[in-house]
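The values are calculated or read from the model by the stated rules, or taken from the named source; none is laboratory data. Quick caveat, the model's predicted, so the values are computed rather than measured. A quick note on method: Cβ atoms are made from the backbone with ideal geometry, for glycine too, and the neighbour counts reach across all protein chains shown. The accessibility values were calculated without ligands, DNA or RNA, using every heavy atom of the protein model including side chains. Shrake-Rupley method; radii C 1.70, N 1.55, O 1.52, S 1.80 Å.
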Amino acid sequence: QVQLVESGGGLVQPGGSLRLSCAASGITFSGYYMGWHRQAPGKQRELVAYITTSGATTYADSVKGRFTISRDNTKNTMYLQMDSLNPEDTAVYYCNGRVGLNDFWGQGTQVTVSS
């Protein structure tokens, strides 16, 4: 059974930091492109960042220079370090794993940036 489980969300003040984790099981993690997406209230889900099997990364313009995606294939875990958070980053953050026709999602973790 495939599971992607996000953790690390919460409430943080503007300018603060959070680190999200996505623990994967039931897949050959190292063979999957992994990504973070987010969905704010009333908005469509959008790509935040993704990381390829070789470790190459891509970021949405809105998070470049503030967020860092990484993966640890020995722990079957992906991370998203989020710095300089602002209220526009408030959303549910979802972990995604994809290879070929296989496309798996986690349940999401809430990130709220507010003073």
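The shape of the chain comes out prolate: with a ≥ b ≥ c from the C-alpha gyration tensor, a/c is at least 1.5 and a/b beats b/c. Each Cα pair under 8 Å and six or more residues apart adds its sequence gap; the mean of these over the residue count of the chain is a relative contact order of 36 percent.
Relative protection proxy for 94-102, 56-64, from highest mean packing down: 94-102, 56-64 (other beta-carbon atoms within 10 angstrom). Protein heavy-atom surface of the chain, 1.4 angstrom probe: 47% of the accessible area is carbon and sulfur, with nucleic acids and ligands not counted.
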